[in-house]
Amino acid sequence: MQSIDTLSDFLAVAGANHEAKTDYRIYDMSRRVRPISAADFQAIERGERPFPSPRQQHAWLAVVLWSSIRGSDPYIWFVKLPLDERALFDHAARQHFLSIIVEALGTDPTSEPSEAQQQRLEQNPYIFVPDEARRAAFHAQVSADLQQPTSIHYEDALAWLQGQKAEADWQNIGVQGIHDALTRNLSDSHLQQQIQNNLLLWPVPIQQALMEAMEHQELPTSLADNLLSQLRHNLPVSGQIVLLRSLASYSQSKKMQTAIGRLLRELPSEETEKLDLLFSLGARCWPTLADADNLERYMSAAATASQDIFVSIFRDLVMLPELRGQLLQLFGRNQLNPALQQALSQLIQQTRGTA
């Protein structure tokens, strides 16, 4: 039998001694819900590349498994695995997780577990429960990817978003329906027009639900460009955050980086509003901070908050492979904003004090 040293190994041999072949897909649940190809995940597990989007020093994953001959729904594991400072998997933790799975299920993870096996699985310390928005985004993507039916809320949500139902009916729209509608219909020009014309005019709960769904989608360029044109410093902060999070998939674009540069030069003076913007940027739109000027402005703004907040933001962002090198280079810079220089010096002292 092939040795099982990685999660990819386990998934590759799963069901090998049975009639049914086990197929699988892996999704990144850390920041934005996105599929990870088997080849990319294997490279990450071999330590050839870092995990792309750590959150709280962990990789948050969804593993979807299904049997080629069994008619049951796919099996889903939500797995949270620790990462080291280079965003590579902690080997001991991953092996511990695998040992629990193999002990409970053997090499057929799609078999129906006994009561004792189920209890062992539920006690697995690496299992997590996603928040409602991520869970809805995940189920929408998986059902579309596996060509499964949508939720019962899909048709009503799509009809409302397309303007075919009275606006007053918004309270009857299900969150899962909104995620399903966007996952399957964002290429529809009429739906795009409805969103770009009404996103900031619809009731706040609908804005919130759409924002939480759109941040996990790859937006068509025309829709993204239109929403980006609405991102202005004189817009209320709540509206700026709706647009920022909705545009998360567009964060790699030069247009988005330029817009974020303008936003960082014109941050609100009110502390809570400023921090809300900074947190949204760092959590969802971090690729825009790969621009050196944007990163320095962002960290300078963070440095005006408490040292605890600055340290929390720094430790979150320094785990991201796109930003790690530039953040560490800040320590060697001499002509930084005084507040940023002081915050970095205090961070060095804190780190030495706990070493």
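The values are calculated or read from the model by the stated rules, or taken from the named source; none is laboratory data. As the structure is a computational prediction, the values presented were derived from the model and not from experiment. With ideal geometry, Cβ positions are generated from the backbone for all residues, glycine too; neighbour counts draw on all protein chains shown.
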Exercise for the section: Could you check, for segment 220-228, whether at least one of its residues is small (G, A, S) and either under 28 Å from L347 (Cα atoms) or out of contact with any helix residue (DSSP H, G or I) (no Cβ under 7 Å at 6 or more places or on another chain) (or both)? Expected result: no
Exercise for the section: Considering only residues that are under 24 Å from F51 (Cα atoms) and in a loop (DSSP other than H, G, I, E, B), look in segment 85-127 and name the one that is modelled with the lowest pLDDT. Expected result: N124
Practice task
Return the pairs, sorted by first residue and then second, in which the second residue is assigned to a loop (DSSP other than H, G, I, E, B) and loosely packed, with under 15 Cβ neighbours inside 10 Å, the first residue lies in segment 1-30 and is among the hydrophobic types (A, V, I, L, M, F, W, C) and modelled with pLDDT of 70 or more, the beta carbons are less than 6 Å apart, and the residues are 6+ apart or on different chains.
Solution key: V13/Q2
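Looking at segment 287-341, what helices (runs of 4 or more DSSP H) fall wholly within it and have at least 1 residues that are out of contact with any Cys (no Cβ under 7 Å at 6 or more places or on another chain) and aromatic (F, W, Y)?
Ranges flagged: 292-303, 307-317.
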Handout entry: Candidate set from segment 26-41 (those that are farther than 14 Å from S143 by Cα and crowded, with 18+ Cβ neighbours inside 10 Å); member that is farthest from the chain's Cα centre (by Cα)
Key = F41
Practice task
Tell me the helices (runs of 4 or more DSSP H) entirely within segment 131-234 that contain at least 2 residues that are hydrophobic (A, V, I, L, M, F, W, C) and closer than 26 Å to R262 by Cβ.
Solution key: 204-214, 221-229
Problem - For V242: the one exception among (1) in contact (Cβ under 8 Å) with a residue 40 or more places away in the chain; (2) not assigned by TED's automatic domain parsing to the domain that holds T288 - result: (2)
Exercise for the section: Kindly indicate whether any position in segment 199-219 is within 23 Å of the chain's Cα centre (by Cα) and under 30 Å from H91 (Cα atoms). Expected result: yes
